[in-house]
1. Going by how many other Cβ atoms sit within 10 Å of their own, how do VAL267, VAL446, VAL418 line up, fewest first?
2. Assuming 0.36 nm per residue, please report the length gained on full extension of the stretch ASN3 to GLU243 beyond their Cα-Cα distance.
3. Using 1/(1 + (r/R0)^6) with R0 = 45 angstrom and r between the beta carbons of HIS226 and LEU265, what's the FRET efficiency to the nearest 0.05?
4. Using r as the Cβ-Cβ distance of THR325 and ASN101, and R0 as 56 Å, what FRET efficiency do you calculate, to the nearest 0.05?
5. Starting with the fewest neighbours, write out PHE110, PHE8, PHE102, PHE187 ranked by other beta-carbon atoms found within 10 Å of each beta-carbon.
6. What percent antiparallel are the DSSP beta bridges of region 287-356, to the nearest 5?
7. Which FRET efficiency value, to the nearest 0.05, is calculated for ASN61 and LYS184 with the Förster distance at 30 angstrom and r the Cβ-Cβ distance?
8. Taking θ as phi - 60°, what are the ³J(HN,Hα) couplings along region 406-414 by the Karplus curve (6.51, -1.76, 1.60), each to the nearest whole Hz, with x for Gly and Pro?
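Just so you know, all these numbers are worked out from the coordinates, no wet-lab data involved. Because the structure is predicted, anything quoted here is derived from the model rather than measured. Heads up, the Cβs are rebuilt from the backbone with ideal geometry, glycines too, and the neighbour counts pull from every protein chain shown.
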Amino acid sequence: MVNLVLKFVSSSRAAGLRISTSEVLDCINQLALVDCLDEPQFAAVLRANFAKSRREQSHFNRVYELFFHELRQEANIAHADPLAEQFQKTLQSLSARVEDNFASQALLDFLSGDPQSFLEQMRSGFGDAGAGGGEQGGGIGSNLGPMIERLALMLQISAVGDALADYLIEQRDHLSWEIRRDLKALFDARLESARRLLTKGQVPYDEKAPTAISYRQHLDRLGEIHFASLTQKEVESMREVIEQLVRRLKDTIGRRYAVKNRGALDVKKTLRRAAAYQGIPVELFFRHRPPRKAKIVTLCDVSGSVWSAARFMLNMLYSLQECFTQVRSFVFVAGLEEVTSIFEDHEINQAIEKILKEADIDYNAATDYGLTFRQFQKKYLDILNKKTTLIIIGDGRSNYSNPEEQILDEMRERSRRVIWLNPETPYFWYTGDSEMRTYQAYCHEVRPCQNLNQLLDFIKSLVL
């Protein structure tokens, strides 16, 4: 934690924040008194020590978001197997292909996850108009110096982008298209982040601007947080949000059922009956077609971070279960266990805890999707029919065991729809021991499901 804070301090100083050694020591001592896993508390301690005025808060927030969110998430991707080795090789190749100067080195450091040099360059590019003007050839009061600094960085970003494209073309015979696709997406995202930082600049402080975020902004922020990254406090807030969303969906569905007795106007039947009255439609006829309720069967991988997404999925499904004919739920790791009765007999949060403690599943076993499909085929295949929507929640990583895709194909033939929700980053869907390429061919729909907003979009499409 201390090293992380020190790196953040270096980046903040490079971005122009004035932070003394005593303030760093005070911050580290205060962090020992709070829960550092609770991000609002952690950010509040850093902000209280490093942002000395309201004018500096927006600048601090921008550096904090870059360091602890944007670059942190990308760094996790970059240093994860199997891209780690190729990521470092690509960086070395880019270093040899671009011009050797301070601007290029600063950008390469930024791509590797260290923003300090780039922030220093960017700060000089947004300095006072006259700063460095004489050295760069600008006259008194000229802003030519800062403009040249920014232009050099922009040209370097374009040069690195071109060098990356050339490198990936040369590696067509040596790297699979999945690796090349993932590397391009990763570096493009980082280059776009650098370009956005450079073009956006520092926003002037507005004393009239509201400092507190609205409740809607709070909900939007929660909705974009990865399920696996939620703190305990955010999980509690998320439950309140889910209750509100569920009530709103129920109201929408209730209005749909309220008008089912009237239905839509049946034009053909009305005209046919009006023929007996010389074409005067004295009686209107309506179609009485009540909304169709689906039968839901869910298979939830409960290993690792996959379960963090599955628990929210089950929470919303059971809060809306009157909108479905039936909901049957199964959990698995290396083996299958039905947990429908647990959800029916207990409140949803109690049921989730009970599953984690009492379900007859070895949570430490290696995930085996093939074994899960074989057990489902043997015991429960007859519960699938043309009214059933089969929802599978998992990352598709079967530890190189037999994927048994022919059983999934049989399950698809029996079901109305097969939908796969994958909580893993799409970068990794077709890498390592993932069988998503195989399973995707037997699903009607495959969706990423990493946060509440993505989950809510799916639930709306399911029930509305």
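1. The fewest-first ordering by Cβ neighbours comes to VAL267, VAL446, VAL418.
2. My answer for the length gained is 82.4 nm.
3. Computed FRET efficiency for HIS226 and LEU265: 0.45.
4. With R0 = 56 Å, the Cβ-Cβ based efficiency is 0.25.
5. Taking fewest neighbouring Cβ atoms as first place, the list is PHE102, PHE8, PHE187, PHE110.
6. 30
7. Step by step, r from the Cβ atoms, then E = 0.50.
8. Karplus-based 3J(HN,Hα) across region 406-414 equals 5, 6, 4, 5, 5, 5, 5, 4, 7 Hz.
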